[in-house]
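Report on one structure; see the data block that follows.
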Amino acid sequence: MGNDKLKKLRLLYAALILLLVLSALTVPYLMLNSINLFRGAFLFWLFFALIVIFLTIKITTYWRDN
């Protein structure tokens, strides 16, 4: 895979992680604040963690020494 394509792909994954971090700040305080059940927040954080782990693995997949 070319260097330019890898840089764009990593930038896309980094932007997705940034978007997820912003959602981690907004969703619990704006959308889940009226839900009194623990299940809603637990499911959000579970999916959040799994997506971030997946994206981090995808970013580091092509790391190697040049």
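Miscellaneous remarks
- Fraction in percent of alpha-carbon pairs per bin - 10 Å, the chain: 19, 40, 23, 13, 5, 0
- Angle in degrees between helix 38-60 and the longest Cα principal axis of the chain, rounded to the nearest 10: 0 degrees
- The C-alpha atoms of the chain define a longest principal axis, and helix 3-26 lies at about 10 degrees to it.
- Shown here for region 1-63: chymotrypsin sites (Phe, Trp or Tyr not before Pro) in loop regions (DSSP other than H, G, I, E, B) with at most 13 other Cβ atoms within 10 Å, namely TYR62, TRP63.
All of the numbers you see were taken from the coordinates with simple rules; none came from a lab. The model shown is predicted, which means the values in this text are computed figures rather than measured ones. Ideal geometry is used to build each Cβ from the backbone, glycine not excepted, and the neighbour counts take in all protein chains shown.
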